[in-house]
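Novice: Can you read through this structure? Questions will come right after.
The values are calculated or read from the model by the stated rules, or taken from the named source; none is laboratory data. Just so it is clear, the structure is predicted and the values come from calculations on it, not from any experiment. We place every Cβ from the backbone using ideal geometry, glycine too, and count neighbours over all the protein chains shown. These area figures cover heavy atoms from the full protein model, side chains too; ligands, DNA and RNA do not enter into them. Shrake-Rupley method; radii C 1.70, N 1.55, O 1.52, S 1.80 Å.
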Amino acid sequence: GEDVEQSLFLSVREGDSSVINCTYTDSSSTYLYWYKQEPGAGLQLLTYIFSNMDMKQDQRLTVLLNKKDKHLSLRIADTQTGDSAIYFCAEMGSSNTGKLIFGQGTTLQVKP
Amino acid sequence: DAMVIQNPRYQVTQFGKPVTLSCSQTLNHNVMYWYQQKSSQAPKLLFHYYDKDFNNEADTPDNFQSRRPNTSFCFLDIRSPGLGDAAMYLCATSAVWETQYFGPGTRLLVL
């Protein structure tokens, strides 16, 4: 079945780059998403990538997609303390229901 | 400017007392979703509406119901809340099978 996996925790120093990784199993995924969740808040859409793309850049965010290995990564350049949050990777599968399959979330801790 | 609005942000109810959570949207999206999120876990889809067409996930308990009286509003009804239903409830909307936009969530506490 469909599954999405992420490492649970990442700690970086302010100003460094952060790389959050995600693997998925559904090779027919159409879109892959990154959402950010701050404590007590909803999910904020950060960025997404269509499955026929390899890379997408949006200001400090770079998404890389390796379809062969079913691997997605989110790079945050010049990480700030305000980037501390949980980051969820999600795929939209091929079932045409719009259902998102989420990873378990990566907690990013940014140390001053 | 808010696009997906959830009220209230915090809700306290008593064990077994029915409770209703509200979601509204200004995006005119066809699809509205309800998720349950427990601490340190990924959101879990409960059900969604595609226009007036209700779609329940297979493992959603009967205790959870939903209503969508019009395009803008969708309600989550919990008929007899148990302690295990304490969670964050997230509403999301999308155009048909496109990117989902989430509201700020309602945190439910069951006493």
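Novice: Between A:Ser7 and residues 5 or more places away or on another chain, which pairs have amide H atoms under 5 Å apart, with H built 1.01 Å from N, and which residues are they?
Specialist: A:Asn21
Novice: Here is a further query. Simple spin-label model, 7 Å along Cα-to-Cβ: A:Asp54 to B:Met3 in nm?
Specialist: A separation of 3.0 nm, rounded to one decimal place.
Novice: Further question on the same structure: Suppose R0 equals 41 Å; then what is the FRET efficiency for A:Thr97 and B:Ser80 from their Cβ-Cβ distance, rounded to the nearest 0.05?
Specialist: Once the sixth-power term is evaluated, E becomes 0.90.
Novice: Taking a probe of 1.4 angstrom, what is the accessible area of B:Ser39 in Å², to the nearest 10?
Specialist: Number for this one is 100 Å².
Novice: Counting only C-alpha contacts under 8 Å and six or more residues apart, can you give the relative contact order of region B:44-111 as a whole percent?
Specialist: 21
Novice: Now, a different point. Efficiency by 1/(1 + (r/R0)^6): what FRET value for A:Ser27 and A:Ser7, r their Cβ-Cβ distance, R0 = 22 Å, to the nearest 0.05?
Specialist: Computed FRET efficiency for A:Ser27 and A:Ser7: 0.55.
Novice: Quick one: Cα convex hull volume of region B:1-55, Å³ per residue?
Specialist: Residue-normalised Cα hull volume stands at 123 Å³.
Novice: With a 1.4 Å probe and all protein chains in place, put B:Val31, A:Val19 in order of accessible area, largest first.
Specialist: A:Val19, B:Val31
Novice: Quick check on the protein assembly as shown: what does the Kirkwood estimate of hydrodynamic radius come out to from the alpha carbon pairs, in Å?
Specialist: Final number for the Kirkwood radius of the protein assembly as shown is 18.1 Å.
Novice: Here's something else I'd like to know. For A:Ser27, A:Ser51, give me the order by solvent-accessible area with a 1.4 Å probe, most accessible first, ignoring ligands, DNA and RNA.
Specialist: A:Ser27, A:Ser51
Novice: Roughly how much of A:Arg60 is accessible, in Å² to the nearest 10, using a 1.4 Å probe?
Specialist: Counting only protein heavy atoms, A:Arg60 exposes about 90 Å² to solvent.
Novice: With every protein chain in place, what's the accessible area of B:Cys74 (1.4 Å probe, Å², nearest 10)?
Specialist: It works out to around 0 Å².
Novice: Starting from the Cα of A:Thr81, step 7 Å toward the Cβ, then list every residue of region A:7-28 with an amide N under 13 Å from that point.
Specialist: Only A:14-15 fall inside the zone, counting backbone N under 13 Å.
Novice: I need the calculated FRET efficiency for the pair A:Leu61 and B:Asp59, taking r as the beta carbon distance and R₀ as 25 Å, to the nearest 0.05.
Specialist: E between A:Leu61 and B:Asp59, to the nearest 0.05, is 0.15.
Novice: Now for a separate question. If you take the alpha carbon radius of gyration of region A:1-91 and divide it by 2.2 N^0.38 Å, what ratio comes out, to two decimals?
Specialist: That works out to 1.05 for region A:1-91.
Novice: Taking only C-alpha pairs under 8 Å that are 6+ residues apart, what is the relative contact order of chain A in percent?
Specialist: After rounding, I find 38 percent.
Novice: Between B:Gln14 and B:Ser39, what is the label-point separation in nm under the 7 Å Cα-to-beta-carbon projection?
Specialist: For the pair B:Ser39/B:Gln14, the computed spacing is 2.5 nm.
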